1. G170: within 16 Å of the chain's Cα centre (by Cα), crowded, with 21+ Cβ neighbours inside 10 Å, away from the ligand (no atom under 13 Å from the Cβ) and in contact (Cβ under 8 Å) with a residue 12 or more places away in the chain, yes or no?
2. From the set of residues in region 21-31 that are in contact (Cβ under 8 Å) with a residue 60 or more places away in the chain and not charged (D, E, K, R), which is surrounded by the fewest Cβ atoms within 10 Å (Cβ to Cβ)?
3. Can you work out which of the residues in region 61-80 that are within 10 Å of the ligand (Cβ to nearest atom) and part of a helix (DSSP H, G or I) is farthest from the chain's Cα centre (by Cα)?
4. So, in region 32-51, exactly how many residues are in contact with a helix residue (DSSP H, G or I) (Cβ under 6 Å, 6 or more places away or on another chain) and surrounded by fewer than 24 Cβ atoms within 10 Å (Cβ to Cβ)?
5. Can you tell which of A205, A242, A173, A211 is hydrophobic (A, V, I, L, M, F, W, C), closer than 19 Å to G275 by Cβ and assigned to a helix (DSSP H, G or I)?
6. Looking only at residues that are in contact with a Ser or Thr (Cβ under 9 Å, 6 or more places away or on another chain) and assigned to a loop (DSSP other than H, G, I, E, B) in region 15-50, which one is farthest from the ligand (Cβ to nearest atom)?
7. Can you pull out every residue in region 107-131 that is in a loop (DSSP other than H, G, I, E, B) and more than 9 Å from the ligand (Cβ to nearest atom)?
8. Restricting attention to region 52-60, does a residue exist that is free of Cβ contacts under 8 Å to residues at least 40 places away in the same chain, over 26 Å from L140 (Cα atoms), part of a loop (DSSP other than H, G, I, E, B) and away from the ligand (no atom under 15 Å from the Cβ)?
Amino acid sequence: MSRTTTEHPGAVTVIGLGPMGRAMVGALLDRGYGVTMWNRTASRADDLVARGAVLAPSPADAVAANEVVVLSLTDYAAVHAVLEPAAPTLNGRVLLNLTSGTPEEARAGARWAAEHGAVQLTGGVNSSPTGIGQPDSATLYSGPREAFDRHRPVLEALTGRVDHQGEDPGLAALSYQLGMVMFWTSMLSFWQAIVLARANGLTAADILPSAVETATSLPETFAFYAERIDAGVHDGDVDRLAMGLASTEHVLHTNAEAGVDTTLPAAVVDLFRRGVEAGHAEDSFSALVELLAKPGPPTDPGTDGRVREDGPSLR
Ligand SMILES: NC(=O)c1ccc[n+]([C@@H]2O[C@H](COP(=O)([O-])OP(=O)(O)OC[C@H]3O[C@@H](n4cnc5c(N)ncnc54)[C@H](OP(=O)(O)O)[C@@H]3O)[C@@H](O)[C@H]2O)c1
């Protein structure tokens with residue numbers, strides 16, 4: 001039987017039962033924790049109730065049940081939608097907020113929690129749901145060190161490796177987004193290679209060895225360019241941006257010839273072309289970091305269609 005009161009030191013609340021939250025409840029149950037949980041769609045809790053977790057009737061009841069409250073929601077809008085009605089129950093709670101968001105959202109969430117007498121430990125989980133509860137999975141945390149130390153056993157039940165990055169609640173969100181900016185674009189590049197392969201009669205399995213070889217070459221390339229970028233060196237002694245533009249155009253045209261979606265390769269060509277137009281043709285393609293450091297043109301979706309007066313005019 002699970003126990004769900006603060007008298008039991010090994011009891012935890014989990015709010016949000018998507019793939020992540022469900023895996024976390026499972027990992028906590030496996031380690032003997034009592035778990036109280038809440039989810040907007042109650043039916044997602046059925047099998048976990050069968051395993052001994054308790055489904056609370058409301059977020060407020062779930063928060064009231066335990067000092068440690070894990071938040072595993074889609075985004076910070078969901079966090080506020082769920083927690084605002086439960087605000088009177090937050091006093092004294094430690095919110096392990098494992099919800100993805102921006103560093104500023106994490107800081108605002110921590111301030112809001114503090115206004116209601118709670119503390120927030122922000123966490124960025126570097127694992128898929130299958131890694132939850134495993135010794136080699138990892139989460140980066142930031143926020144009050146005291147809360148991190150005091151609740152370390154719970155954190156280690158969720159992912160075997162935990163690291164405290166600092167007191168700033170935005171740090172863990174930043175670290176997470178640094179990983180995600182590479183993960184999503186890398187995986188999209190793999191999907192693009194797969195559709196190009198399939199359009200040419202090959203399967204994903206056929207191209208897997210060469211895809212792995214390409215990925216395996218990247219750490220050395222990262223290290224080479226990281227040192228030069230930190231030193232402000234973009235010499236075109238190894239590669240030239242003009243060559244890169246020609247190469248990315250070959251990629252674009254190969255995809256166009258195959259009749260597949262060219263959004264991604266066209267975006268890459270666009271960035272290389274803007275770099276050449278900005279005068280970097282003879283520099284290394286690492287000079288693109290200077291371009292990317294500023295907002296893009298008004299058509300940059302990140303500007304939400306607003307014209308950025310501080311943005312470069314490179315077209
Ligand atoms: N899945 C992964 O591989 C992975 C890996 C690392 C980090 N993460 C992060 O971990 C978090 C959880 O991941 P997940 O895959 O479990 O996410 P998810 O599939 O988006 O589900 C999260 C939960 O959010 C709830 N929710 C969304 N909007 C809501 C609202 N307005 N009001 C109330 N509840 C709401 C959903 O409730 P319903 O069940 O009612 O829809 C669900 O329980 C996300 O921030 C994600 O970015 C995920």
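The values are calculated or read from the model by the stated rules, or taken from the named source; none is laboratory data. Predicted model, so just to flag it, every value in this text is computed and none were measured. All Cβ positions, even for glycine, are placed from backbone atoms using ideal geometry, and neighbour counts span all protein chains on display.
1. The answer is yes for G170.
2. Out of the qualifying residues, it is G26.
3. H80
4. 2
5. It is A242.
6. Out of the qualifying residues, it is Y33.
7. H116, G117, A118
8. No, the conditions are met nowhere in region 52-60.
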